[in-house]
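Written below as C-alpha cells is the structure these notes are about.
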Amino acid sequence: MASTTLPIKDMLRGLRSGMTAGRVAIAPIGKDLPGPMRDMVDGIDKLAQQLELATSKLAHSLLDNGPAWHSDTSWTLARLVERADGDTIFAQLAYGALGAAHRRFSERAVLISETLAAQSFAQARRATRGDPLDMPAELLMQMLSHGVVRPVPFETEEPADAARLACAAFVLWLGAERSPGEADNDVLDLCCDAAPFVLRQADSAPGNRFALRTALADCVRLI
C-alpha cells in the first residue's frame, strides 16, 4: 500500500509551484503601479515567499523514512515488484529520475505526481501478476494513462512527446542492471537515447502490449 503522505506531498509541491508562478507573473506589473498599490503587491509577494518556505519545510518533513533512492542501492523493477512497499519506493524514484529524464527532452517545468506514480505501479503489478515479463510494458502504459507527468500551475499544456519519452526512459532505466557505484545519470542518458525507438515501435502497433514489451526488452539488453 502506498504511503499516505504521497497525496499531501503532491499537493504541497503544486501549491509551491503555483505561488512561484504567481510571483513571477506579478513582478513586472508591481513596479509600474502607484505607491500604495505597489506596497500592497510587495506585501503579497513577501507573504507568498513565507508560505513557499513553510510548504517547502513541511514537504521535506513528510519524506518517508523507509527505503528510498540511496546512491548505494541500484533499484530495479524486478526488485521493486517483490517488495510490499515497492509502489512507494517507485514513486520516490519517479520524482527524482523521471524528472531528470524529462529535463533531457524539454526545458518546460513539470510536476511529477508521486501519488499517480504509486497508483500506476500498483495497478501494473496487479495486472501482470500472471506474467511478470509484461510488467515494464504495462507500467509504461499505466504511467501514460494516469498522467504522472503534468504541467505546473499557470503553464499551458505542452506536447505530450516529452512526457512520453521521459516515462519510456524511466522504465528502461529501472529495467537495466546497474553495477554498484555506476553513475545513474550515465545510464539514464543511454535510456533517454533509446526512448524514441521504444515509442516508435509502440506507435507502429497501438495498444499492442507485446510490441511494447519486445521493444523495451531489446533496449534493456543493449543498455
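The values are calculated or read from the model by the stated rules, or taken from the named source; none is laboratory data. None of the values given here were measured: they were computed from a predicted structure. Methodologically, a virtual Cβ is constructed for each residue, glycine included, from the backbone with ideal geometry; neighbour enumeration extends over all protein chains shown. Note: areas computed on protein heavy atoms with side chains; ligands, DNA, RNA excluded. Shrake-Rupley method; radii C 1.70, N 1.55, O 1.52, S 1.80 Å.
Could you look through region 112-123, keep only residues that are surrounded by 19 or more Cβ atoms within 10 Å (Cβ to Cβ) and of a type in the set (A, V, I, L, M), and pick out the one that is nearest to the chain's Cα centre (by Cα)? Explain how you work it out, then say what you get.
Keep residues of region 112-123 that are surrounded by 19 or more Cβ atoms within 10 Å (Cβ to Cβ), which gives 112-121.
Still in the running and of a type in the set (A, V, I, L, M): 112, 116-118.
Working: 112: 4, 116: 9, 117: 7, 118: 11 Å.
Out of the qualifying residues, it is 112.
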Residue 82 - would you say it is out of contact with any helix residue (DSSP H, G or I) (no Cβ under 9 Å at 6 or more places or on another chain), acidic (Asp, Glu), open to solvent by 30 Å² or more (accessible area, probe 1.4 Å) and closer than 21 Å to residue 192 by Cα?
no
Taking into account only those residues within region 157-188 that are open to solvent by less than 60 Å² (accessible area, probe 1.4 Å) and among the acidic types (Asp, Glu), which is modelled with the highest pLDDT?
184
Could you please find all residues in region 105-139 being within 19 Å of residue 215 (Cβ to Cβ) and either of a type in the set (Phe, Trp, Tyr) or in contact (Cβ under 8 Å) with a residue 60 or more places away in the chain (or both)?
105, 133, 134, 136, 137, 138, 139
Kindly indicate the residue of region 52-73 that is open to solvent by 20 Å² or more (accessible area, probe 1.4 Å) and part of a helix (DSSP H, G or I) and also modelled with the highest pLDDT among those meeting that condition.
53
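Determine which member of the set 103, 126 is open to solvent by 30 Å² or more (accessible area, probe 1.4 Å) and within 17 Å of residue 163 (Cα to Cα). Before the answer, list the steps.
Details: 126 fails: within 17 Å of residue 163 (Cα to Cα).
Every option except 103 fails the conditions.
Which of the helices (runs of 4 or more DSSP H) contained wholly in region 74-120 include at least 1 residues that are over 20 Å from residue 150 (Cα atoms) and among the basic types (Lys, Arg)? Let's see the steps before the verdict.
Details: elements: 77-81, 86-93, 99-105.
Fully inside region 74-120 and qualifying: 77-81.
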